[in-house]
Amino acid sequence: MKPETLSEALGQIEGHYINEAITYKRSRLGWIPWTAACAAFFLFFSILINHPDPTEDPWGSSIVATTPGPLYDYYSDGIPLSLPLVTDGDGLITESVSVKLDVQEFPGGFHDLQSYLEFQSTAVMELTFRNPTTEPLTVNLTLPCGKDPMYAFRRDYETKQQYYHADRDRYQFCLDGKAVPATFRATGSDTLPEAEGTWHTWHIHENTTVTKYTCRVTELEDREDSFAAIWGPGAYSDIIGVVERNGAYQTINGNSKTLLSTALGDTLEVYIIGDAPDYRLGWFFVSGSIEQTPIRGTAELIDTQVMTFLEFSNQSWQSDHGISRSDWAYVFAGALDRQIFNARASVDFSYPSWNPFRWYEYELTVEPGATVVHKVSLPLYPSLLLGAESTECVYTLDLKTLERLCVTGSQNLTLTTPIPMTESSAEFTISDSQYVLDLSGLSGAELSFTLSRQWSVSPDSNYGFLWISAALGGFAGFLLWHLICRRKT
Amino acid sequence: MDDKGLIELFFARAEEAIAELDRAYGRLCRSLSGQILPDRRDVEECVNDSYLNVWNAVPPARPNPLKTFLCTVVRRVSITRYHHNTAAKRDSQYTVSLEELDGCLSGPDTPEAAVERKELTAALEGFLDGLTRENRVIFLRRYWFADSYSQIARQVGLSENAVSVRLVRIRKDLRTHLQKEGFL
């Protein structure tokens, strides 16, 4: 017997054991010493966090903690900032790169569209290109935008509108002050695709055949908790079945099965993705989602329809997504792929637990001998710990593309922010209340820095009395701890 | 919001049900999933998927208590993700707790494993009923929740060493119990 078998069997035990393990509270020690210990610790700690840190803050004043740390850690990825990537065409010389970051506020969970769009942290990247040839040069560029951060606003609960790229207007591309049109793209995979059509583990493409089988429940034993069940196309490793109900998609592959709550007269639909000429449609019926007792029931096939995967995916496409129909097919395939990976969860586009990966594609033309400034403006979203009080956020800058730009001149990063920087992977210098970094020598690396609002500038004060109280509180705590240890032994 | 209110939200198919569920039990779910999965992103996805599972199950199910049902779902989804992610690396508390159990088990898998699992669950429940309340909690916190020794020690008010010794004895008793029941 494998430990996994035992673990699985343990997973099936009755709920009251689990409830007992969750709610169990220790009762070995009396409440008095603990209450006293807590009071002493509270006194000690409350004084400690009000004590000025001996380190100097970047602006030259002593800094103190002003807010408590998060009550719980809920890590949320941001968007790593990437420089534009030249994907096609060469000959342009990149004379300089300037990245200006402006972080004036601390991000939080954005619960409505307005607060999300009003978040004002921005990045402005300026690249100076020169065309040394005697012919006009045209290059294609890509700007990866990553995924919407998990804390971004993604759904309007009133209108049920889904936003995959609500902040699209904040991405702007200019060449010598003139706007450059850019095409927004998206995919369901986790990174920028290397090549079209190879983005998913089960190799779906737009023209993959999808067969839709529609059945009606014509006979069903009268039970309150009846479910229609169906097995996946187990004989075909590459064939995926998808069951749709109320806009949510449940995949069935291999030898897995799925259950749908059903009633007499309901319509049952299953889509088989890929060619499976011998697939045998077999709905059966059970009572109870856990015990799954077989019950009498019949589902009669009323329609069979063949379509392409693009047509299938279009059923869930919405023009407001901001994603093209063609890209949506890949976003949809990625979502199904992810769902297979996660085993039992369904893909619900009205409440997605994932985001598509996004990027922009655009074209620049530089006249012979000309020097031009290409400017990209975009919002800046850090990774952060969301909690009752989030205090730190981490900004990441992907400098891989800098290597490919082969910059001949200066390459600088400037950060303007009132929030103190507490950590960084490279050494910034401070000038005119700005953090400045020379990026030369850092190409190919990943730059990150942390801003923390837990620390803020505060004038010095007389902490003598507090020091004595802290010492007394600590001593009382030590005595109580000693007493508790003696009682335990 | 209490469980009754949450269940009513799910029955009403109210969109805020998920948000309220997260507010009430998000920390517990992330903690449980985090014991099994080392990557915080995986944890986040598993917790979200668990909420979707609850959304799909309620109605018709009306779990009581909801917290226990949710924990069961989170554990199942996290373990599924775990098996996808890892090739027996000691990278989570769950791996370590599985390795400990390995020591009290032997014998190959049989084709009747699926059938046996139900009987095994019944045997485990019999074993748990025979334990003291404190030992039962220690065992489940370790092998159901995959808590670390220090976390268990904090919950039950014992030292880490005492928890370790208790678990050795419980595992020994479990082996004897499973042998008696014919599983080993």
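Return only the number of the condition from (1) more than 14 Å from chain B (Cβ to nearest Cβ); (2) surrounded by 14 or more Cβ atoms within 10 Å (Cβ to Cβ); (3) modelled with pLDDT of 65 or more that A:Asp77 does not satisfy.
Condition (1) is where A:Asp77 drops out.
Looking for something modelled with pLDDT of 85 or more, more than 7 Å from chain A (Cβ to nearest Cβ) and assigned to a helix (DSSP H, G or I) - is there at least one such residue anywhere in region B:110-122?
Checked region B:110-122: at least one residue is modelled with pLDDT of 85 or more, more than 7 Å from chain A (Cβ to nearest Cβ) and assigned to a helix (DSSP H, G or I).
Name the residues in region A:110-132 that are among the small types (Gly, Ala, Ser) and surrounded by fewer than 16 Cβ atoms within 10 Å (Cβ to Cβ), would you?
A:Ser115
For region B:135-153, name all the residues that are facing another protein chain (nearest Cβ under 8 Å) and either more than 18 Å from the chain's Cα centre (by Cα) or not aliphatic (A, V, I, L, M) (or both).
B:Arg136, B:Arg141, B:Tyr143, B:Trp144, B:Phe145
Within region A:411-431, track down each residue that is touching a residue at least 60 places away in the same chain (Cβ under 8 Å), in contact with a Phe, Trp or Tyr (Cβ under 6 Å, 6 or more places away or on another chain) and under 22 Å from A:Lys400 (Cα atoms).
A:Leu415
Can you confirm whether region B:134-145 contains a residue that is more than 13 Å from A:Tyr17 (Cα to Cα), of a type in the set (Val, Ile, Thr) and either in contact with a strand residue (DSSP E or B) (Cβ under 8 Å, 6 or more places away or on another chain) or in a helix (DSSP H, G or I) (or both)?
No, region B:134-145 has no match at all.
Collect the residues in region A:148-203 that are at pLDDT below 75, away from chain B (no Cβ under 14 Å), farther than 19 Å from A:Arg358 by Cα and surrounded by 14 or more Cβ atoms within 10 Å (Cβ to Cβ), keeping them in residue-number order.
Answer for region A:148-203, where residues must be at pLDDT below 75, away from chain B (no Cβ under 14 Å), farther than 19 Å from A:Arg358 by Cα and surrounded by 14 or more Cβ atoms within 10 Å (Cβ to Cβ): just A:Trp202.
Tally up the residues in region B:1-31 that are more than 22 Å from A:Tyr151 (Cβ to Cβ) and either part of a helix (DSSP H, G or I) or modelled with pLDDT of 85 or more (or both), please.
Total satisfying the criteria: 9.
Which of the residues belonging to region A:423-466 are at pLDDT below 80 and of a type in the set (Val, Ile, Thr)?
Matches in region A:423-466: A:Val457 only.
If you take the residues in region B:32-53 that are touching a helix residue (DSSP H, G or I) at 6+ places or on another chain (Cβ under 6 Å) and closer than 16 Å to B:Arg13 by Cα, which one is nearest to the other protein chains (Cβ to nearest Cβ)?
Step by step, filter region B:32-53, then rank; the result is B:Asn53.
Which one is farthest from B:Leu32 (Cα to Cα) among residues in region A:5-25 that are more than 7 Å from chain B (Cβ to nearest Cβ) and assigned to a helix (DSSP H, G or I)?
Filtering first and then ranking leaves A:His16.
Among all residue pairs at least 6 apart or on different chains, which show Cβ distances below 6 Å where the first residue, located in region A:357-381, is among the small types (Gly, Ala, Ser) and the second is in a loop (DSSP other than H, G, I, E, B)?
Pairs found: A:Ala370/A:Asn131.
Only one of (1) small (Gly, Ala, Ser); (2) on the phi < 0 side of the Ramachandran plot; (3) modelled with pLDDT under 80; (4) under 25 Å from the mean Cα position of the chain (by Cα) is not met by A:Gly247, so which one is it?
Checking A:Gly247 against (1) small (Gly, Ala, Ser); (2) on the phi < 0 side of the Ramachandran plot; (3) modelled with pLDDT under 80; (4) under 25 Å from the mean Cα position of the chain (by Cα), the one that fails is (2).
Just give me the residues in region B:32-65 being more than 19 Å from A:Tyr151 (Cα to Cα), part of a helix (DSSP H, G or I) and in contact (Cβ under 8 Å) with a residue 24 or more places away in the chain, in sequence order.
Hits for region B:32-65 are B:Leu32, B:Ser33, B:Gln35, B:Ile36, B:Asn53, B:Val54, B:Trp55.
The values are calculated or read from the model by the stated rules, or taken from the named source; none is laboratory data. Keep in mind it's a predicted model, so treat the numbers as computed, not measured. Positions of Cβ are backbone-derived with ideal geometry, glycine not excepted, and every protein chain shown enters the neighbour counts.
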